[in-house]
Amino acid sequence: MIPVHGKRRGQHKRLVRLIEDSPLRQVDPRVKLELGILAALAVMLPLERLAIFWIAFALVMIPVKLAGEMWHQIRRIAWILIALFILDWLVVGPELAVLITLRFTLVVSAFVVFFATTRPEEFRLALERLGCRIATPFHSAWRFFQFQ
């Protein structure tokens with residue numbers, strides 16, 4: 001597989017690159033899933049606290065070697081963010097435009113922690129250990145994604 005986010009003939013384009021050298025790669029997938037969910041819950045914070053949390057979260061991504069993947073995923077949805085920002089700015093105001101943009105990027109960034117450090121098999125096992133009966137269908141659907 002090509003090391004960049006590219007596409008070869010007959011292969012799906014990779015949605016998330018697996019970061020093998022991240023220290024979080026060794027952490028139990030259940031813990032990573034819980035961290036992602038907790039970080040995503042920060043979207044309920046008011047604007048000032050959300051901005052502080054977002055900056056702190058982005059800084060934490062640097063030592064765990066996930067900052068590049070996080071920014072890649074945000075760039076993938078840049079046109080959606082721009083459209084939402086402009087629409088919110090015009091309809092409601094600039095404060096809501098910034099708030100919605102920060103919320104959207106935080107949710108995307110939060111789940112990079114999980115998906116960029118967990119293989120599909122580990123995800124299935126984590127769901128099974130959590131007692132989730134739908135682990136097998138998730139694994140079956142997820143196996144079509146290309147990971148490296």
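The values are calculated or read from the model by the stated rules, or taken from the named source; none is laboratory data. What you are looking at is a predicted structure, and each value in this text was computed from that prediction instead of being measured. So basically every Cβ, Gly included, is an ideal-geometry build from the backbone, and we count neighbours across all protein chains shown.
What to note about this one:
Okay, residues lined up against (1) part of a helix (DSSP H, G or I); (2) in contact with a helix residue (DSSP H, G or I) (Cβ under 6 Å, 6 or more places away or on another chain); (3) within 18 Å of Ile55 (Cα to Cα):
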residue	(1), (2), (3)
Glu69	yes, yes, yes
Ile82	yes, no, no
Phe85	yes, yes, no
Glu95	yes, no, yes
Val98	yes, no, yes
Arg103	yes, yes, yes
Phe114	yes, yes, no
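- Applying the criterion of being surrounded by 16 or more Cβ atoms within 10 Å (Cβ to Cβ) and among the charged types (D, E, K, R) to the residues of the range 1-29, the residue that is modelled with the highest pLDDT is Arg25.
- Sole residue being over 22 Å from Ile19 (Cα atoms) and either polar (S, T, N, Q) or surrounded by 17 or more Cβ atoms within 10 Å (Cβ to Cβ) (or both), chosen from Leu66, Leu50: Leu50
- Matching residues in the range 45-67 - criterion: being closer than 17 Å to Phe114 by Cβ, assigned to a helix (DSSP H, G or I) and among the aliphatic types (A, V, I, L, M): Ala58, Val60, Met61, Ala67
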